[in-house]
Amino acid sequence: MTQDKRTVALIVAAGSGSRAGGATPKQYAKIGGKALVAHAYDAFAAHPAVDEVVVVIAAGAEDLAGQALGAARTVVGGATRRESVARGLAAIEATHVLVHDAARPFVPAIVID
C-alpha cells in the first residue's frame, strides 16, 4: 500500500538564542513588527507543496510562541538541536520533511521547492 505524499515543514525554534544576547531569544525578536519565527512559519505555510508546518519550541516558551504564532502547532524540543529535531520528527507523519532554523526567517519559495 502506498502512502500519499505528505510534506511537513519542521521549524526548529527551541534554542536559547544566548549568543545573540538580549532578554528575548532571537527567534522571537521582531523584524518589521513580526517575530523571526513567524516570518519563517508564514513562508512555509504559504507554500503550496507544504501540507503542515510544525514549530519545535523550548520548554517554557509556550507564551512567546503563542504571541508570535497564534494557534500554530508546536512541539516542545529537547536540550540539543538534535534532540529537538528528533522530538519534532516523532510528532509528525510525513513522507517528506523540511527542517528549517527559525532564526533564518526569509526563506524564499525557490528554496522550499
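Here is a yes/no grid of residues against (1) at pLDDT below 95; (2) of a type in the set (A, V, I, L, M, F, W, C); (3) within 16 Å of Val53 (Cβ to Cβ):
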{"residue": "Arg73", "(1), (2), (3)": "no, no, yes"}
{"residue": "Ala79", "(1), (2), (3)": "yes, yes, no"}
{"residue": "Arg82", "(1), (2), (3)": "no, no, no"}
{"residue": "Ala94", "(1), (2), (3)": "no, yes, yes"}
{"residue": "Val97", "(1), (2), (3)": "no, yes, yes"}
{"residue": "Arg104", "(1), (2), (3)": "yes, no, yes"}
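The set of residues in segment 67-113 being within 10 Å of the chain's Cα centre (by Cα) and among the small types (Gly, Ala, Ser) consists of Ala72, Gly88, Ala102, Ala103. Screening segment 26-105 for strands (runs of 3 or more DSSP E) wholly inside it with 3 or more residues that are of a type in the set (Val, Ile, Thr) and buried (at least 17 other Cβ atoms within 10 Å of the Cβ) returns the ranges 52-57, 73-76.
The values are calculated or read from the model by the stated rules, or taken from the named source; none is laboratory data. Computed from a predicted model, the values in this text were never measured in an experiment. Positions of Cβ are backbone-derived with ideal geometry, glycine not excepted, and every protein chain shown enters the neighbour counts.
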